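See below for the structure under consideration.
The values are calculated or read from the model by the stated rules, or taken from the named source; none is laboratory data. Nothing here was measured: the structure is a model prediction, and the numbers come from that model. Reconstructed Cβ throughout: ideal geometry from the backbone, glycine too, with neighbour counts over all protein chains shown. What goes into the accessible areas is simple: the full protein's heavy atoms, side chains included, and nothing from ligands, DNA or RNA. Shrake-Rupley method; radii C 1.70, N 1.55, O 1.52, S 1.80 Å.
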Amino acid sequence: MIYKLLSRLGIEVWKDIPEYEGIYQVSNLGRIKSFKFNRIRYLSPTIKENYYKTITLYKSSITKKKRNNIDKNKISKTRTISIWSAMAFLNFKPSTHLMVIDHIDNNRHNDCLYNLQVISHRKNLTKDKKPKSGYTGVSRNNKKQWKSQIFINGTIKYLGSYKTQIEASQAYQQELNKINNE
């Protein structure tokens, strides 16, 4: 994508944030600006306990009450800059936990577009972990055999014990294929 290349070169490109068109924009370098009150203002992120840079965006919702009185309610959403960027540049929809935004270099403060990718939650959990066995879902059990297990919907499913790591890995891969094909 051209925006990723431009962010690697340090060339800043701005796009409207979905649902906040004309109010807020995010850049491919991970900055957010506001157009509220007829002036441009760059927003400063806060760092939450999860160490991600977050920004709260506000939007007014006008509702009509009885006798034509108008009530303005402020609607706010707090999200990480990486999510705001992915929404604008990568068409990411943050409605599900199946797909997440990953920082490729694992630096939570590097919100440049070249460092962001949309991947599955499962892949994000295992992308940088090297199991001792060398195979995902395979470990030693108490009887010095190789056991295979997989994490599905919040529970661990035991797949059996095997003599070799390869057999245990094959059992894991078969189960993973079943899940992915459902």
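Observations, loosely collected:
- Leading residue by the ranking (least open to solvent (accessible area, probe 1.4 Å)) among those in region 41-72 that are in a loop (DSSP other than H, G, I, E, B) and at pLDDT below 90: 50
- Scope region 123-153; condition within 19 Å of the chain's Cα centre (by Cα) and either under 22 Å from residue 49 (Cα atoms) or open to solvent by 80 Å² or more (accessible area, probe 1.4 Å) (or both); matching residues: 123, 124, 125, 128, 129, 153
- Among residues of region 163-182 that are over 15 Å from residue 151 (Cα atoms), none has a beta-carbon under 9 Å from a residue that is modelled with pLDDT of 90 or more and in a helix (DSSP H, G or I) at least six positions away or on a different chain.
- Candidate set from region 20-40 (those that are assigned to a loop (DSSP other than H, G, I, E, B) and within 17 Å of residue 82 (Cβ to Cβ)); member that is most open to solvent (accessible area, probe 1.4 Å): 31
- Test: residue in region 106-121 that is buried (at least 16 other Cβ atoms within 10 Å of the Cβ), in a helix (DSSP H, G or I) and of a type outside the set (A, V, I, L, M): yes
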